[in-house]
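Engineer: There's a structure below that I have some questions on.
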Amino acid sequence: KAGVTQTPRYLIKTRGQQVTLSCSPISGHRSVSWYQQTPGQGLQFLFEYFSETQRNKGNFPGRFSGRQFSNSRSEMNVSTLELGDSALYLCASSLMGAGYNEQFFGPGTRLTVL
Amino acid sequence: SQELEQSPQSLIVQEGKNLTINCTSSKTLYGLYWYKQKYGEGLIFLMMLQKGGEEKSHEKITAKLDEKKQQSSLHITASQPSHAGIYLCGADQRGKLIFGQGTELSVKP
């Protein structure tokens, strides 16, 4: 089985712009979670989608949003980018979600905001 | 809210030596994950522990879950340079994972 894929792998944006990241889960997995990783805050949960519905949400501002399509692929969007949004964004897929099954992570998208 | 604390924060060992990394939770653990990460890359799933007293092994890595102590440990036997990286523990918090700050492991040949 192919693993979790994320595109693009690297992005450079300027403040005020918006960005869309994509995640394709492992075939058959219905849960996709997104995480932000920074040197200062570590790995932090953004949100989880299951069968096209947001099931869990972390403590991030409304500028961070996401969606999931019927094929389980997921996108996250960050609007009005700030310097502090520079981070490695990771998505993870699992059959039913964290706590039920293993979560497998993609390679991440490195976002740099200038 | 639940917090995870890993110790040590960093570790340098000679190749062939054994080592242990600990993960302590501020609340009861219901599901504990161990991941390995190479700098700037994605997380590699190592093991998931769900029951108190559970112990799992994969190659030279063994993880245990002690629910009473709200703690998990990861033990590497006869370390190799390929074991180098950042080890992260994650706990299930009602459907989302929270993570420790990570333990950076270096293995000297």
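Engineer: For B:Q93, indicate whether it is polar (S, T, N, Q), touching a residue at least 12 places away in the same chain (Cβ under 8 Å), within 16 Å of A:Y35 (Cβ to Cβ) and crowded, with 19+ Cβ neighbours inside 10 Å.
Structural biologist: Against the criterion (polar (S, T, N, Q), touching a residue at least 12 places away in the same chain (Cβ under 8 Å), within 16 Å of A:Y35 (Cβ to Cβ) and crowded, with 19+ Cβ neighbours inside 10 Å), B:Q93 qualifies.
Engineer: Ok, one more. Under 7 Å by Cβ, and 6 or more places apart or on different chains, what pairs join a residue from the stretch A:60-72 that is touching a residue at least 40 places away in the same chain (Cβ under 8 Å) with one that is surrounded by 12 or more Cβ atoms within 10 Å (Cβ to Cβ) and β-branched (V, I, T)?
Structural biologist: Sorted first by the residue in the stretch A:60-72, then by its partner, the pairs are A:S72/A:V32.
Engineer: Filter the stretch A:97-114 down to residues that are within 10 Å of chain B (Cβ to nearest Cβ) and surrounded by fewer than 20 Cβ atoms within 10 Å (Cβ to Cβ) and give me whichever is nearest to A:P8 (Cα to Cα).
Structural biologist: Checking each candidate, the answer is A:R110.
Engineer: On the phi > 0 side of the Ramachandran plot, within 12 Å of chain B (Cβ to nearest Cβ) and not aromatic (F, W, Y) - does that describe any residue in the stretch A:28-42?
Structural biologist: yes
Engineer: Criterion first (within 12 Å of chain A (Cβ to nearest Cβ), on the phi > 0 side of the Ramachandran plot and touching a strand residue (DSSP E or B) at 6+ places or on another chain (Cβ under 9 Å)) does B:G95 satisfy it?
Structural biologist: Criteria met by B:G95.
Engineer: For the stretch B:24-64, name all the residues that are among the aromatic types (F, W, Y), part of a strand (DSSP E or B) and more than 9 Å from every other protein chain (Cβ to nearest Cβ).
Structural biologist: B:W34
Engineer: From (1) surrounded by 13 or more Cβ atoms within 10 Å (Cβ to Cβ); (2) closer than 25 Å to B:S1 by Cβ, pick out the condition that doesn't hold for B:T28.
Structural biologist: (1)
Matching residues to (1) of a type in the set (A, V, I, L, M, F, W, C); (2) touching a Pro at 6+ places or on another chain (Cβ under 7 Å); (3) within 13 Å of chain A (Cβ to nearest Cβ):
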position: B:L74; (1), (2), (3): yes, no, no
position: B:A78; (1), (2), (3): yes, no, no
position: B:L88; (1), (2), (3): yes, no, yes
position: B:G102; (1), (2), (3): no, no, yes
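Engineer: Next question, about the same structure. Failed condition for A:S94, given (1) in contact with an Asp or Glu (Cβ under 8 Å, 6 or more places away or on another chain); (2) at pLDDT 95 or above, with all others met?
Structural biologist: (2)
Engineer: When residues of the stretch B:65-90 are filtered for being among the aliphatic types (A, V, I, L, M), free of Cβ contacts under 8 Å to residues at least 60 places away in the same chain and assigned to a loop (DSSP other than H, G, I, E, B), how many remain?
Structural biologist: Going through the stretch B:65-90 one residue at a time, the tally reaches 1.
Engineer: Mind checking which residues of the stretch B:33-54 are of a type in the set (D, E, K, R) and in contact with a Gly (Cβ under 7 Å, 6 or more places away or on another chain)? Spell out how you get there, then give the answer.
Structural biologist: Quick first cut of the stretch B:33-54, residues of a type in the set (D, E, K, R) only: B:36, B:38, B:41, B:51, B:54.
Those that are of a type in the set (D, E, K, R) and in contact with a Gly (Cβ under 7 Å, 6 or more places away or on another chain): B:K36, B:K38, B:E41.
Engineer: For the subset of the stretch B:40-86 comprising residues that are touching a strand residue (DSSP E or B) at 6+ places or on another chain (Cβ under 7 Å) and among the hydroxyl-bearing types (S, T, Y), which member is farthest from A:T112 (Cα to Cα)?
Structural biologist: B:T62
Engineer: Could you check the stretch A:11-25 and list, in sequence order, the residues that are touching a Lys or Arg at 6+ places or on another chain (Cβ under 6 Å) and farther than 12 Å from A:L90 by Cα?
Structural biologist: Result: A:V19, single match.
Engineer: Any idea which of A:G58, A:G42, A:G3, A:G66 is under 14 Å from the mean Cα position of the chain (by Cα), surrounded by 12 or more Cβ atoms within 10 Å (Cβ to Cβ) and at pLDDT below 95?
Structural biologist: Criteria check complete, one pass: A:G58.
The values are calculated or read from the model by the stated rules, or taken from the named source; none is laboratory data. Note that the structure is predicted; figures quoted are calculated from it, not measured. As a convention, Cβ positions derive from the backbone with ideal geometry for all residues, glycine included, and neighbour counts pool all protein chains shown.
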